[in-house]
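Student: Handing you a structure now.
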Amino acid sequence: MIKDKDLVKFAATEWAAGAVGWRYLVVSGWRRQVLTGLDALSARRRPMSDRLGLQGELLELVRERPRQFGELVEATSLPAVARTHAVHLLWHRRLGMDLTQPLDDATWIHPVGME
């Protein structure tokens, strides 16, 4: 994906980054699971009503300690519905995960923006 005319530019940028102690990397694409994960998360990007208070439950559970996705939703009062709300919170960056890994029940979910 990198054209020959860009090689000199990348080499110069790598040298400049190294001179100030930075690492340099050229990314030419995403891993397949990253795009799949982002697609799954974006499906829950629209506003959602939370009449059952599941988002609060999810946030409180993760505040206690990071949990695997399956364990997290099972610990709520309504796991089947909590899955949708958990994905919604991930998209809106109120919960966090490692996007380099596929989203499944073993994915570790952690709090965002908490000291």
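Student: What's the extension gain from residue 15 to residue 39 if we count 0.36 nm per residue and subtract their Cα-Cα distance?
Tutor: Details: separation 24, 0.36 × 24 = 8.64 nm, distance 3.56 nm.
Additional length available on full extension: 5.1 nm.
Student: Now a separate question. State which stretch of the chain is the longest one without any exposed chymotrypsin sites (Phe, Trp or Tyr not before Pro), exposure meaning a DSSP loop state and at most 13 other Cβ atoms within 10 Å. Kindly include the intermediate steps, with their values, before the conclusion.
Tutor: Working: sites that count: 22, 24, 30.
Here the longest segment lacking exposed loop sites spans 31-115.
Student: Just the accessible area per residue of region 1-59, please: how many Å² with a 1.4 Å probe?
Tutor: Details: 5020 Å² over 59 residues.
Value returned for region 1-59: 85 Å² of accessible area per residue.
Student: Follow-up. Relative to the present Cα-Cα distance, how much length would full extension add between residue 22 and residue 80 at 0.36 nm per residue of separation? Don't skip to the end; give the middle numbers.
Tutor: Details: separation 58, 0.36 × 58 = 20.88 nm, distance 4.48 nm.
Roughly 16.4 nm would be gained on extension.
Student: Something else now. If we restrict to alpha carbons, what Rg and Dmax does the chain come to, in Å?
Tutor: Answer for the chain, Rg first and Dmax second: 19.0, 58 Å.
Student: Could I ask something else about it? Tell me the accessible surface of residue 36 in square angstrom (1.4 angstrom probe, heavy atoms of protein chains only), to the nearest ten.
Tutor: Looks like 90 Å² after rounding.
Student: Of the accessible area of the chain, with the probe set at 1.4 angstrom, what percent is carbon plus sulfur?
Tutor: Values: 4620 of 8270 Å².
Here carbon and sulfur together make up 56 percent of the probe-accessible area.
Student: Oh, and also: Taking the chain as a Gaussian network, where each spring joins two C-alpha atoms under 10 Å apart, which residue of 64, 14, 74 fluctuates the most?
Tutor: Between 64, 14, 74, it is 14 that shows the largest mean-square fluctuation.
Student: Using modelled amide H (1.01 Å from N, peptide plane; none on Pro or chain starts), what sits under 5 Å from the amide H of residue 68, excluding residues fewer than 5 places away?
Tutor: 109
Student: Normalised by the residues of the chain, what does the relative contact order come to in percent, with Cα pairs under 8 Å and at least six apart? Present the calculation step by step, with values, prior to reporting the outcome.
Tutor: Numbers: 114 pairs, mean separation 31.5, N = 115.
Once divided by the residue count of the chain, the mean separation gives 27 percent.
Student: Hey, what number do you get for the chain at 222 nm if only DSSP H runs of n ≥ 4 count, each worth -39500 (n - 2.57), divided across all residues, to the nearest 500?
Tutor: On the way: 5 runs with 57 residues, N = 115.
My calculation for the chain gives -15000 deg cm²/dmol from helical runs alone.
The values are calculated or read from the model by the stated rules, or taken from the named source; none is laboratory data. Treat the numbers as computed from the prediction; the structure is a model and nothing was measured. A quick note on method: Cβ atoms are made from the backbone with ideal geometry, for glycine too, and the neighbour counts reach across all protein chains shown. Protein only, heavy atoms only, side chains kept; ligands, DNA and RNA dropped before computing areas. Shrake-Rupley method; radii C 1.70, N 1.55, O 1.52, S 1.80 Å.
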